[in-house]
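My questions will all concern the structure given below.
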Amino acid sequence: MDKEIVNISEKECYLYVQPESKWLLIQPVDEHDLALLDKEVEMIQRFSGEVFSLIALKIDDWNRELTPWSAPPVFGKEPFGDGAAETLEFVIGHLMPMLRGKLADSSHCLLGGYSLAGLFSLWASYQTDAFEGVAAASPSVWYPEWMEYATGKKSYAKAVYLSLGDKEEKAKNPVMARVGNAIRRQEDMLREQGVSTILEWNPGNHFVDSEKRMAKGFAWLMNNMMTI
């Protein structure tokens with residue numbers, strides 16, 4: 001699939017467009033994700049067998065642009081910000097109309113991301129019904145006050161894919177080690193709300209096979225949502 005790099009409102013975006021797509025995939029990415037993006041797109045094609053278009057939004061300030069409220073540093077010295085609302089507004093107001101204008105069909109829109117981008121995707125599903133499905137691979141559900149926020153709230157998504165590495169909850173950092181119990185609770189809450197949900201465990205820690213984990217998430221959504 002051909003790749004096009006465009007700047008939209010001074011934000012760098014990577015487009016993989018197939019005009020006949022019925023699926024529109026949106027993913028916030030960092031430099032590490034970008035290096036693996038071609039491989040991820042190939043894997044999505046192989047795992048799903050579907051025709052889709054993907055737009056990757058490059059995030060410049062990972063700790064600020066993807067988090068819904070401020071929080072102190074968990075590792076290193078950089079705190080977290082409250083830029084998620086601004087990022088979501090850009091996705092809905094700019095990315096989706098621009099890409100849908102390139103597609104012949106009215107596409108089903110999926111949002112997904114890895115790590116903090118996975119947390120952002122989950123958070124976005126509580127804000128809007130713009131995304132029919134969410135792929136949250138190794139999402140940062142350890143984030144301070146996240147579980148308190150999500151408890152009792154209803155996700156607008158019809159389907160949510162969750163995954164985690166089987167070594168992630170064994171992290172030495174006590175905050176990040178909460179991720180295992182948190183993602184199990186996240187799965188339970190979504191299921192209780194009637195959201196079609198799967199929690200898939202992958203071998204390894206947080207830094208293993210990120211592109212494969214994302215590809216499996218998007219593919220699962222495309223392969224399962226039409227039966228929901």
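Considering every pair of different Cα atoms, what Kirkwood radius, in Å, is found for the chain?
Result for the chain, one decimal place: 17.4 Å.
Of all beta bridges DSSP finds with both residues in the range 49-182, what is the antiparallel percent, to the nearest 5?
Restricted to the range 49-182, the bridges split so that about 10 percent are antiparallel.
Using Cα-only point scatterers and the Debye equation, what is log10 of I(q)/I(0) for the range 169-228 at each q in 0.13, 0.15, 0.16 Å⁻¹, rounded to two decimals?
-0.44, -0.58, -0.65
Pull out the extension gain between L34 and I198, defined as 0.36 nm times the separation in residues minus the alpha carbon to alpha carbon distance; nm, one decimal.
56.4 nm
Using the beta-carbon distance between R184 and N223 and R0 = 22 Å, what value does 1/(1 + (r/R0)^6) give for FRET efficiency, to the nearest 0.05?
According to the calculation, E is roughly 0.40.
What nm distance separates the two modelled labels at A130 and N205, each placed 7 Å from Cα along Cα→Cβ?
Modelled inter-label distance: 3.5 nm.
Using only helices, what value at 222 nm comes out for the chain when you add -39,500 (n - 2.57) per DSSP H run of length 4 or more and divide by the total residues, to the nearest 500 deg cm²/dmol?
When only DSSP H runs of four or more count, the value is -9500 deg cm²/dmol.
Tell me the accessible surface of E89 in square angstrom (1.4 angstrom probe, heavy atoms of protein chains only), to the nearest ten.
Surface accessible to solvent at E89 totals approximately 130 Å².
What's the extension gain from K58 to E78 if we count 0.36 nm per residue and subtract their Cα-Cα distance?
That pair, K58 and E78, stretches by 5.3 nm at full extension.
In Å², and per residue, what accessible area does the chain have when probed at 1.4 Å with the other protein chains present?
Here the residues of the chain average 43 Å² of exposed surface.
What's the center-to-center distance, using Cα atoms, between the range 101-121 and the range 16-67 in Å?
8
Further question: I want to check the label-to-label distance for K167 and D2. Put each point 7 Å from Cα in the C-beta direction and report it in nm to one decimal.
4.2
Okay, next question. Rounded to a whole number, what is D in µm²/s for the range 1-132 from Stokes-Einstein with the Kirkwood radius over alpha-carbon pairs (37 °C, 0.692 mPa s)?
216
Continuing with this model, one more query. In whole percent, how big is the carbon plus sulfur part of the accessible area of the range 56-196, probe 1.4 Å, protein atoms only?
49
Would you calculate the convex hull of the Cα atoms in the range 17-72 and tell me its volume per residue in Å³?
103
Counting only residues 5 or more places away or on other chains, whose amide H sits under 5 Å from the amide H of V51 once H atoms are built in the peptide plane?
K22
Give a quick list of chymotrypsin sites (Phe, Trp or Tyr not before Pro) in the range 1-92 that DSSP marks as loop, anything other than H, G, I, E or B, with at most 10 other Cβ atoms within 10 Å.
Here the sparse-neighbourhood loop sites are F75.
In a GNM of the chain with a 10 Å cut-off on Cα contacts, which of I55, I26, I92 has the highest mean-square fluctuation?
Of I55, I26, I92, the most mobile in the Gaussian network model is I92.
Does anything in the range 90-119 have its amide N under 17 Å from the 7 Å Cα→Cβ label point of S9, and if so which residues?
90-101
Determine which lysines satisfy two conditions relative to K3: a Cα distance under 28 Å, and not lying fewer than 8 residues away in the same chain.
Straight-distance partners of K3: K11, K22, K39, K58, K102, K212, K216.
The values are calculated or read from the model by the stated rules, or taken from the named source; none is laboratory data. Predicted model only: the values in this text are computed from it and were never measured. Please note: Cβ atoms are built from the backbone with ideal geometry, for glycine as well, and neighbour counts cover all protein chains shown. Only protein heavy atoms, including side chains, enter the accessible area calculation; ligands, DNA and RNA are left aside. Shrake-Rupley method; radii C 1.70, N 1.55, O 1.52, S 1.80 Å.
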